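Novice: First the structure, which I've put down as structure tokens, then a few questions once you've had a look.
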Amino acid sequence: VVTDRLSTLMSLGLLKDGALGQTSGGRAPRHVEFRADAGLILLAVLDHFAIAVGLADLSGRLLAEHHEAIELAVGPEAILERLSTLLAWLLEDQQTPVWGIGVAVPVPVSRPTGHLFMAPALRLQAWHDFPLVEHLAVRFGAPVYLRSNTQMMTMGEFRSGAGTGLSDMLFVKLDRNI
């Protein structure tokens, strides 16, 4: 089973042969190394008055980022156009394939459709059932993971921040609303 899984990961380009290990009386073991450079992850954070985009390798290391002011109230079509332009700009000189897109938005997201719930603020009602995920998936040829800003921050802290190594964690975002 291990050999089968390693072969699959090598054929996908996610692993490469490493150095020979210390022998313990037989054939020396061959180490394998994860190839974080085998793919890219596009990142986007949409907030009520700002947009941020980033580019990361498969280990999650941030390679590039950009922030700018924008109002979600201008509507989903305008935001999607700007977001697509910024993400394409991050990929201009890249030869590595995009393996996924993570998008954080300021409102709860319904599962499994990935559509935004009706936002209580009138300025975001145009986003209800807007196919943001579908547009990005088609445009960049990669799966899109859409969650609320709070859910994304929680996962980030749990996996790479203050919650690393913990089995349980409570994350509370202090903002205009809790």
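The values are calculated or read from the model by the stated rules, or taken from the named source; none is laboratory data. Just so it is clear, the structure is predicted and the values come from calculations on it, not from any experiment. Cβ atoms come from the backbone with ideal geometry, glycine included; neighbour counts cover every protein chain shown. What goes into the accessible areas is simple: the full protein's heavy atoms, side chains included, and nothing from ligands, DNA or RNA. Shrake-Rupley method; radii C 1.70, N 1.55, O 1.52, S 1.80 Å.
Novice: What residue among G100, G156, G26 shows peak mean-square fluctuation when the chain is described by a Gaussian network model with Cα springs under 10 Å?
Specialist: Per the Cα network of the chain with a 10 Å cutoff, G26 tops the list.
Novice: Here is a further query. Using r as the Cβ-Cβ distance of E92 and L170, and R0 as 41 Å, what FRET efficiency do you calculate, to the nearest 0.05?
Specialist: 0.50
Novice: Apply the Karplus curve 6.51 cos²θ - 1.76 cosθ + 1.60, θ = phi - 60°, to the phi angles in the stretch 57-70 and return the couplings in whole Hz, x for Gly and Pro.
Specialist: So the J values, rounded to whole Hz, are 7, 5, 8, x, 5, 6, 9, 7, 8, 8, 10, 7, 7, 6.
Novice: Here's something else I'd like to know. In terms of modelled amide H atoms, which long-range or inter-chain residues lie less than 5 Å from the amide H of G102?
Specialist: L42, L43, A44, Y145
Novice: From the phi of every residue in the stretch 154-166, what ³J(HN,Hα) in whole Hz does the Karplus formula 6.51 cos²θ - 1.76 cosθ + 1.60 yield, where θ is phi - 60° and glycine or proline is x?
Specialist: Each residue's phi maps through the Karplus curve to give 4, 4, x, 5, 5, 8, 9, x, 5, x, 4, x, 8 Hz.
Novice: Would you work out what percent of the accessible area of the chain, with all protein chains in place, is carbon or sulfur (probe 1.4 Å)?
Specialist: Heavy-atom surface of the chain belonging to carbon and sulfur, 1.4 Å probe: 57 percent.
Novice: Here are several values of volume of the Cα convex hull per residue in Å³: (i) 165; (ii) 122; (iii) 130. Which one was derived from the coordinates shown?
Specialist: This structure yields the entry labelled (i).
Novice: Which percent, nearest 5, of DSSP beta bridges in the chain are antiparallel?
Specialist: On the way: 19 of 30 bridges.
If I count the DSSP bridges inside the chain, around 65 percent turn out antiparallel.
Novice: Considering amide H positions built from the backbone, and no H for Pro or chain starts, which residues 5 or more places from G39, or on another chain, come under 5 Å of its amide H?
Specialist: L58
Novice: Follow-up question, since we're still on this one. Just to be sure I understand the model, the point goes 7 Å from the Cα along the line to the Cβ. What's the resulting V32 to L12 distance in nm?
Specialist: 1.1
Novice: Let me ask something else. For the chain, what does the helix formula give at 222 nm: sum of -39500 (n - 2.57) over DSSP H segments with n ≥ 4, over the residue count, nearest 500 deg cm²/dmol?
Specialist: Values: 4 runs with 46 residues, N = 178.
Calculated from helices alone, the mean residue ellipticity at 222 nm is -8000 deg cm²/dmol.
Novice: Here is a follow-up. Taking amide H positions as placed 1.01 Å from N in the peptide plane, with prolines and chain starts having none, which residues 5 or more places from V107, or on another chain, fall under 5 Å of its amide H?
Specialist: N149
Novice: Heavy-atom accessible area per residue, the stretch 134-178, 1.4 Å probe: how many Å²? Show your work: numbers first, answer last.
Specialist: Working: 3300 Å² over 45 residues.
With all protein chains present, the stretch 134-178 gives 73 Å² per residue.
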